[in-house]
Structure formats: structure tokens, C-alpha cells
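The values are calculated or read from the model by the stated rules, or taken from the named source; none is laboratory data. Please read all numbers here as calculations on a predicted model, not as lab measurements. Cβ placement follows ideal geometry from the backbone for every residue including glycine, while neighbour counts extend to all protein chains displayed.
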Amino acid sequence: MQVEADGSSRVVASELFHPNGIAVTPDGQTIVMSETHNGHVTSFSIDEDGGLSDKRTFASDLQLPDGLCLDDAGAVWIGSLFASEFLRIGDGGTVTHRVRVPTPYWALAPMLGGPDRRTLYLLAADTDPARALEHDSHGCLYCVRVEVPGVGWP
């Protein structure tokens with residue numbers, strides 16, 4: 001959904017299955033998102049009017065991809081929710097790096113930051129659905145240095 005300055009809105013993409021992690025390339029021309037419940041990372045071209053076109057699969061057959069961030073080589077880092085690992089994936093689906101977190105932690109959200117954007121922050125939580133309803137879950141933040149810096153927004 002795109003919201004205009006006057007408050008009106010319009011749908012710019014449909015048929016997405018639980019879009020979650022999302023990032024925009026540095027040139028503002030492409031948006032990339034994880035679709036958690038269908039196991040895809042999907043990308044679109046961003047049109048001049050803010051609409052989205054040219055839907056394509058960046059990667060598929062992933063185990064519940066959650067949060068997402070971009071790096072300067074055109075790859076994405078995703079949290080593989082129940083697999084307790086974060087993956088670096090190139091366009092086309094090649095997994096180049098894995099960072100495991102202890103089970104039962106869920107791999108939720110990666111983000112490249114720090115002064116040189118080479119610190120990979122990894123948010124993980126032991127959010128068992130039953131315990132979460134009772135406000136009894138715990139999380140942690142891991143930090144890993146990586147070779148390729150982050151780019152884009154967020």
C-alpha cells in the first residue's frame with residue numbers, strides 16, 4: 001500500500017504471502033522483501049510514481065525467512081526463523097554464509113550497522129507462542145563482523 005501526501009492510498013503489490021523483512025537498494029530502484037510463510041525472498045522494481053512492477057523471485061525454498069537486510073554485493077541476510085540461523089543469500093538463491101544461534105532461539109532479524117556497516121546485528125528470541133502470550137519470552141542480540149558492508153534502507 002502506498003500512502004500519498006494527501007492521505008489517499010493505493011495498492012502497489014498484491015499476492016504477497018506474509019511480507020516481512022523489507023529493504024530498498026541504495027539507488028532507490030528496487031525493493032526486496034522476505035515472504036515468510038511461502039519461503040521466498042521477492043524483489044520488485046520501484047516505478048517513478050512509487051508503484052511496484054516486475055515482481056521476481058530473489059530466492060526460494062527457504063525455511064521461514066523473517067527479517068532481511070542488504071549488503072553492498074547485492075546479497076541479503078535473512079533470519080531463518082525456526083532453523084535458528086541467519087543466512088546470507090545471493091540473487092538466485094545461493095547461500096554463501098550461515099550464522100547459527102543456540103536453539104531454541106528463533107532467528108528473527110539481521111541488520112548491518114556500525115560505523116562501517118560491517119557489524120551484523122542478529123536479533124534472536126525464544127518466543128514460544130504459548131509463553132509469548134504470557135509475556136514470558138527472552139531475546140538476545142548477537143554481533144558478528146562481516147566482510148561486505150550493508151547498503152540501502154533501512
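Values computed for the structure shown
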quantity	calculated
Of residues in the range 26-36 being under 11 Å from VAL76 (Cα atoms) and touching a residue at least 40 places away in the same chain (Cβ under 8 Å), the one farthest from the chain's Cα centre (by Cα)	VAL32
Search result, residues across the range 1-25 that are in contact (Cβ under 8 Å) with a residue 40 or more places away in the chain, more than 14 Å from the chain's Cα centre (by Cα) and surrounded by 14 or more Cβ atoms within 10 Å (Cβ to Cβ)	VAL12, ALA13
Selection from the range 1-60 of residues that are within 19 Å of GLY90 (Cβ to Cβ), in a loop (DSSP other than H, G, I, E, B) and charged (D, E, K, R)	ASP27
Every pair of residues 6+ apart whose Cβ atoms lie under 6 Å, when the first sits in the range 61-81 and is acidic (Asp, Glu) while the second is part of a loop (DSSP other than H, G, I, E, B)	ASP61/GLY39; ASP71/VAL148; ASP72/VAL148; ASP72/PRO149
Any chance THR96 is among the hydroxyl-bearing types (Ser, Thr, Tyr) and over 15 Å from the mean Cα position of the chain (by Cα)	yes
Enumeration of residues in the range 100-144 that are at pLDDT below 90, in a loop (DSSP other than H, G, I, E, B) and among the small types (Gly, Ala, Ser)	SER137
Test: residue in the range 92-101 that is within 18 Å of PHE17 (Cβ to Cβ) and buried (at least 18 other Cβ atoms within 10 Å of the Cβ)	no
Failed item, numbered, when GLY79 is tested on (1) touching a Pro at 6+ places or on another chain (Cβ under 7 Å); (2) outside any strand (DSSP E or B)	(2)
Only one of ALA23, ALA13 that is touching a Phe, Trp or Tyr at 6+ places or on another chain (Cβ under 8 Å) and at pLDDT below 95	ALA13
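Conditions tested, residue by residue: (1) surrounded by 20 or more Cβ atoms within 10 Å (Cβ to Cβ); (2) under 14 Å from the mean Cα position of the chain (by Cα); (3) among the acidic types (Asp, Glu).
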position: ASP66; (1), (2), (3): yes, yes, yes
position: VAL76; (1), (2), (3): yes, yes, no
position: ALA83; (1), (2), (3): no, no, no
position: ILE89; (1), (2), (3): yes, yes, no
position: PRO104; (1), (2), (3): no, no, no
position: GLY113; (1), (2), (3): no, no, no
position: LEU120; (1), (2), (3): yes, yes, no
position: VAL144; (1), (2), (3): no, no, no
position: VAL148; (1), (2), (3): no, no, no
